[in-house]
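S.K.: Shown below is the structure under consideration.
The values are calculated or read from the model by the stated rules, or taken from the named source; none is laboratory data. Quantities reported herein were computed from a predicted structural model and do not represent experimental measurements. Here the Cβ is made from the backbone with ideal geometry for all residues, glycine too, and neighbour counts use every protein chain on show. Ligands, DNA and RNA are stripped out before the accessible areas are found, and what is left, the full protein with its side chains, is counted by its heavy atoms. Shrake-Rupley method; radii C 1.70, N 1.55, O 1.52, S 1.80 Å.
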Amino acid sequence: MGEVEEQQRAEHGPLAGFTVGVTAARRADELGALLTRRGASVVHAPALRIVPLADDGELLAATKEIIGQTPDVVVATTAIGFRGWVEAADGWGLGEALLGRLRDAELLARGPKVKGAIRAAGLTEEWSPSSESLAEVLDRLLEQGVDGRRVAVQLHGEPLPGFVEALRAGGAEVVPVPVYRWLPPEDPGPLDRLLDAAVSHGLDAITFTSAPAAASLLSRAEERGLLAELLAALGSSVLPACVGPVTAVPLQAHGVPTVQPERFRLGPLVQLLCQELPARARALPIAGHRVEIRGHAVLVDGELRPVPPAGMALLRALARRPGWVVARAELLRALPGTGRDEHAVETAMARLRTALGAPKLIQTVVKRGYRLALDPATDAKYAGEDG
């Protein structure tokens, strides 16, 4: 890659030309800003809404149970959840009583943010794993032995897969603390638009930051009769990117392979997309130019060229068999919509050539169709392959 191309790539960002769906309810703005800063187009559709803490009868019941009998161990899993729990208890007039019980228990914090929330409440954690992993918290508890011990676990919004079960199997009495609960969004419109974009391959990736969000998207797809189409898209053209392994569980239960960063944070999740999406783009040497086909745009010698959906559909059809002539009838079938007039292909092709800014990239083969004008050496290579 030349110096000029490197500079252009840096200017438009590694995710330029790609469209990423964001399903998060919390911190969606932060994730969207990280993606946009790197050039992505973002489609935001919260797959969930959070039940206000003070309205949640289950949390009130769990809080009273803990005040009634101090647990041996309390596991705090999220900072926002821990803070919300203490604030809700204050609102019920139970704040001091709850803090007193938490002070007497062995308090374990999943990571530094939770540790900060615990200390802000005037408490001190007994221990916190360096990995920020609940698996490490579970290992420590099981090594110490939990038989006959009472363990309160602050839930993420749904039962933590395997965590509560493993403690109960070890003989613990588990008190689940449902600090906030997820429900489907009140307005399903944005989620439906994201679903439609996914099944029509209008998205290049969907990000998931919680297991309930993934489950909610799958559930909505099933309600609309689109589950099979969504699973097919997630297994091919739409990359499912999860913030961590727990988040991926609902997708993996349907056989969907996912990608996850090594550190379960938003920044590493975005960095992972910056590697994965450009690596999936098709790059070809055409008519003396380097052409990289992205989701809704094309890089021509490192310069970003936005292309309308019809043009992208034609370009993908031509790129499936680089250098081979593709008939107008076949290109017509590739166009969005179900028209029968081959003139639509000529119109879309003219717009595509204009958008690319290099008309010679696509050759017209009279009475036969169109082909990508591959460079001679590459043309010979592809010509030797089966179409």
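S.K.: Just give me the residues in segment 337-348 being closer than 14 Å to Ala313 by Cβ and in contact with a helix residue (DSSP H, G or I) (Cβ under 6 Å, 6 or more places away or on another chain), in sequence order. Let's see the steps before the verdict.
M.R.: Here is the first cut: in segment 337-348, the ones closer than 14 Å to Ala313 by Cβ are 337-339, 344-345, 347-348.
Those that are closer than 14 Å to Ala313 by Cβ and in contact with a helix residue (DSSP H, G or I) (Cβ under 6 Å, 6 or more places away or on another chain): Val345, Ala348.
S.K.: Only one residue in Leu98, Leu107, Leu102, Leu60 is at pLDDT below 95 and not in a loop (DSSP other than H, G, I, E, B). Which one? Even if it seems obvious, please write down each step before you answer.
M.R.: On the way: Leu98 fails: at pLDDT below 95; Leu107 fails: at pLDDT below 95; Leu102 fails: at pLDDT below 95.
So the residue among Leu98, Leu107, Leu102, Leu60 that is at pLDDT below 95 and not in a loop (DSSP other than H, G, I, E, B) is Leu60.
S.K.: Considering only residues of segment 309-336 that are assigned to a loop (DSSP other than H, G, I, E, B) and open to solvent by 60 Å² or more (accessible area, probe 1.4 Å), which is nearest to Asp204 (Cα to Cα)?
M.R.: Residues of segment 309-336 assigned to a loop (DSSP other than H, G, I, E, B): 321-325, 335-336.
Filter again for open to solvent by 60 Å² or more (accessible area, probe 1.4 Å), leaving 321, 324, 336.
Details: Arg321: 21, Trp324: 26, Pro336: 17 Å.
Of everything passing the filter in segment 309-336, Pro336 is nearest to Asp204 (Cα to Cα).
S.K.: Residue pairs, Cβ under 6 Å, 6 or more apart or interchain, first in segment 92-119 and in contact (Cβ under 8 Å) with a residue 40 or more places away in the chain, second part of a helix (DSSP H, G or I) and open to solvent by 40 Å² or more (accessible area, probe 1.4 Å). List them.
M.R.: Going by the 6 Å Cβ cut-off, the qualifying pairs are Ala117/Arg83.
S.K.: Separate question: Among the numbered criteria (1) at pLDDT 90 or above; (2) open to solvent by 40 Å² or more (accessible area, probe 1.4 Å); (3) in a loop (DSSP other than H, G, I, E, B); (4) under 23 Å from Val243 (Cβ atoms), which single criterion is violated by Lys115?
M.R.: Among (1) at pLDDT 90 or above; (2) open to solvent by 40 Å² or more (accessible area, probe 1.4 Å); (3) in a loop (DSSP other than H, G, I, E, B); (4) under 23 Å from Val243 (Cβ atoms), Lys115 violates only (3).
S.K.: Starting from segment 185-203, keep only residues that are assigned to a helix (DSSP H, G or I), then list their pairs with residues that are basic (Lys, Arg) whose Cβ atoms are within a distance under 6 Å, requiring at least 6 positions of separation or different chains.
M.R.: Hits for this filter: Leu191/Arg220.
S.K.: Now for a separate question. What number of residues within segment 179-193 satisfy the criterion of being under 19 Å from Ser41 (Cβ atoms) and in contact with a helix residue (DSSP H, G or I) (Cβ under 8 Å, 6 or more places away or on another chain)?
M.R.: Count: 2.
S.K.: Go through segment 29-57 and give me each residue that's modelled with pLDDT under 85 and among the aliphatic types (A, V, I, L, M).
M.R.: Scanning segment 29-57 gives Ile50, Val51, Leu53, Ala54.
S.K.: Next question, about the same structure. Just to check your reading of the model, which residue among Leu59, Leu123, Leu108, Leu94 is farther than 13 Å from Val177 by Cα, crowded, with 22+ Cβ neighbours inside 10 Å, touching a Lys or Arg at 6+ places or on another chain (Cβ under 9 Å) and hydrophobic (A, V, I, L, M, F, W, C)? Quick ask: steps written out before the conclusion?
M.R.: On the way: Leu59 fails: farther than 13 Å from Val177 by Cα; Leu123 fails: crowded, with 22+ Cβ neighbours inside 10 Å; Leu94 fails: crowded, with 22+ Cβ neighbours inside 10 Å.
Result: Leu108 is the single residue among Leu59, Leu123, Leu108, Leu94 that is farther than 13 Å from Val177 by Cα, crowded, with 22+ Cβ neighbours inside 10 Å, touching a Lys or Arg at 6+ places or on another chain (Cβ under 9 Å) and hydrophobic (A, V, I, L, M, F, W, C).
S.K.: Right, next: Kindly establish whether Glu186 is at pLDDT below 95 and out of contact with any Leu (no Cβ under 6 Å at 6 or more places or on another chain). Even if it seems obvious, please write down each step before you answer.
M.R.: Details: at pLDDT below 95: yes; out of contact with any Leu (no Cβ under 6 Å at 6 or more places or on another chain): yes.
Yes; evaluated as a whole, the condition is true for this residue.
S.K.: Please enumerate the residues belonging to segment 18-56 that are exposed (fewer than 15 other Cβ atoms within 10 Å of the Cβ), under 27 Å from Gly91 (Cβ atoms) and among the small types (Gly, Ala, Ser).
M.R.: Within segment 18-56, Ala54 is the sole residue that qualifies.
Yes/no per residue for (1) charged (D, E, K, R); (2) more than 16 Å from the chain's Cα centre (by Cα):
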site	(1), (2)
Glu262	yes, no
Leu277	no, no
Ala281	no, yes
Pro285	no, yes
His289	no, yes
Glu292	yes, yes
Ala297	no, yes
Asp301	yes, yes
Val307	no, yes
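Yes/no per residue for (1) free of Cβ contacts under 8 Å to residues at least 12 places away in the same chain; (2) open to solvent by less than 50 Å² (accessible area, probe 1.4 Å); (3) assigned to a helix (DSSP H, G or I); (4) among the basic types (Lys, Arg):
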site	(1), (2), (3), (4)
Leu231	no, yes, yes, no
Ala241	no, yes, no, no
Leu251	no, yes, yes, no
Gly255	no, no, no, no
Pro261	no, yes, no, no
Gln271	yes, no, yes, no
Leu277	no, yes, yes, no
Leu284	no, yes, no, no
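S.K.: With the requirement that a residue be in contact with a Pro (Cβ under 9 Å, 6 or more places away or on another chain) and open to solvent by less than 50 Å² (accessible area, probe 1.4 Å), what does segment 127-155 give you?
M.R.: Hits for segment 127-155 are Ser128, Glu132, Val137, Arg150, Val151, Ala152, Val153, Gln154, Leu155.
S.K.: On the given criteria, is Thr247 closer than 21 Å to Ile50 by Cβ and in contact with a Leu (Cβ under 8 Å, 6 or more places away or on another chain)?
M.R.: Values: closer than 21 Å to Ile50 by Cβ: yes; in contact with a Leu (Cβ under 8 Å, 6 or more places away or on another chain): no.
Against the criterion (closer than 21 Å to Ile50 by Cβ and in contact with a Leu (Cβ under 8 Å, 6 or more places away or on another chain)), Thr247 does not qualify.
S.K.: I need the full set of residues from segment 288-297 which are crowded, with 18+ Cβ neighbours inside 10 Å, touching an Asp or Glu at 6+ places or on another chain (Cβ under 7 Å) and outside any loop (DSSP other than H, G, I, E, B), in order please.
M.R.: His289
S.K.: Further, regarding this structure: Right, Gly267: in contact (Cβ under 8 Å) with a residue 60 or more places away in the chain and either out of contact with any Gly (no Cβ under 6 Å at 6 or more places or on another chain) or among the charged types (D, E, K, R) (or both) or not? Spell out how you get there, then give the answer.
M.R.: Numbers: in contact (Cβ under 8 Å) with a residue 60 or more places away in the chain: yes; either out of contact with any Gly (no Cβ under 6 Å at 6 or more places or on another chain) or among the charged types (D, E, K, R) (or both): yes.
For Gly267, the condition - in contact (Cβ under 8 Å) with a residue 60 or more places away in the chain and either out of contact with any Gly (no Cβ under 6 Å at 6 or more places or on another chain) or among the charged types (D, E, K, R) (or both) - is met.
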